[in-house]
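Everything on this sheet refers to the single structure shown next.
The values are calculated or read from the model by the stated rules, or taken from the named source; none is laboratory data. Because the structure is a prediction, the values reported are computed rather than measured. Here the Cβ positions follow ideal geometry from the backbone for every residue, glycine too, while neighbour counts run over all protein chains shown.
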Amino acid sequence: MNHALCASDVFIVGGGPAGLAAAIALRQVGYSVTVADPALPPIDKACGEGIMPNGVRALAELGVDLPPALTVPFQGIRFLEGGLGVEARFQGAVGQGVRRTVLHDLLVRRAAETGVCLGWGVRVSGIAADRVIVNGHGIRCRWIIGADGLNSSVRRWMGLPPGRERRRYGFRHHFPVAPWSEFVDVYWGDGFQIYVTPVTPQAVCVACISSDPHLRLNDALQAVPGLWGRLRHVEPISREQGSMTLSRRLPQVCRGNVALIGDASGSVDAITGEGLALGFEQALALRDALRGGALRRYQPTHRALARWPGRMARLLLAMNDHPHFRRRVLHAFTADRSLFPRLLGMHTGAGPLADLGFGGAGSLVWNFLAAPHGAPLKGRSL
């Protein structure tokens, strides 16, 4: 699996899911590809471990199979707060819950199968016009792709500013209980959310996200009586793992022969569940741009892919920040049971924007989504 690094058409800095997806996609159109990462596989990371249907479709296009024995399908998303519950099923598709280490292993195997040169335990220290610098030596390449995460060194070497950001923090455990829901359940509290994702027939991933770096999962669970009652006597089967999630938009993701992908290229808050899917879709967009040798075509497609997840992140973060607004939205979903499924369909690319409609409860949500980015909540017709 681990080869001596060699000159190639494309050098990818970062071997997480987005970097490996890009490597596989570029091999599909005949480019030689090298990937370098300082970690050793399989690489774990605290995340909700659910892949939305658009991400599952992108993986299938990359030839990455999600074996039924290692994954669990989920049918949609359910929001829960107090005695209120609203759900939305995906349209003609399912999402997949999968352990992050299992997903990474599947991507590594597929990359090796397609002929990607994989360098693990390797640290890139810089880039130049036609090469990357590894251990003081230059490795020649035609294109350089930064897939090195939120604190991307490649982005810094490109001279791109990090952009405006909003930070939140997530903590994750796995519990050895059979999934009790066919949905990813999202429990809303004041200032936090707890996600429950089925990842095996005998285990669920439970993750808490909040703006408080000191709020641990166990404390948040105790504020959600129904969920706490299920899990309070169950011993986790994984250590608590935490990570930061950012909402960040970059004005530019390409410069010269260098491009960014995944979290290095900007990110949406984990509240959307779109992080993995967005990275896989970006990999396909990068492939299509480089197929014709025109990396600049990646920029507008990248922007378009991020537009709807960004809108959804704004809506959901506003629900997090303003309890009254959250209850208005949840009651709107309850009043019009078709609204949440249509919104989810657009979120996963299964329905056009026009499907949301402008009447009744739909106008309440649409007014927020259509408002200019950064417009204040006060004064909107919500």
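Every residue, every condition in (1) modelled with pLDDT of 95 or more; (2) touching a strand residue (DSSP E or B) at 6+ places or on another chain (Cβ under 9 Å); (3) closer than 20 Å to Tyr298 by Cβ, yes or no:
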| site | (1), (2), (3) |
| --- | --- |
| Asp105 | yes, no, no |
| Arg109 | yes, no, no |
| Trp120 | yes, yes, no |
| Ser125 | yes, yes, no |
| Trp143 | yes, yes, yes |
| Gly146 | yes, yes, yes |
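List the number of the failed condition for Ile77; all other conditions in (1) under 20 Å from the mean Cα position of the chain (by Cα); (2) modelled with pLDDT under 95; (3) within 26 Å of Phe333 (Cα to Cα) hold.
Answer for Ile77: the failing condition is (2).
Inside region 306-355, can you point out the residues that are surrounded by fewer than 20 Cβ atoms within 10 Å (Cβ to Cβ) and hydroxyl-bearing (Ser, Thr, Tyr)?
Thr334, Ser338
Quick one: Leu227 ticks every box in (1) within 24 Å of Ile127 (Cα to Cα); (2) not assigned by TED's automatic domain parsing to the domain that holds Leu20 except a single one, so which number is it?
All conditions pass for Leu227, except number (1).
If I ask for residues that are assigned to a loop (DSSP other than H, G, I, E, B) and closer than 15 Å to Val258 by Cα, which ones from region 118-148 would you list?
Selection gives Ala129, Asp130, Ala147, Asp148.
Quick one: how many residues across region 192-218 are closer than 18 Å to Met244 by Cα and either assigned to a loop (DSSP other than H, G, I, E, B) or of a type in the set (D, E, K, R) (or both)?
The total comes to 6.
For region 86-96, check the following and say yes or no: at least one residue is over 30 Å from Glu182 (Cβ atoms), of a type in the set (Gly, Ala, Ser), buried (at least 23 other Cβ atoms within 10 Å of the Cβ) and in contact (Cβ under 8 Å) with a residue 60 or more places away in the chain.
no
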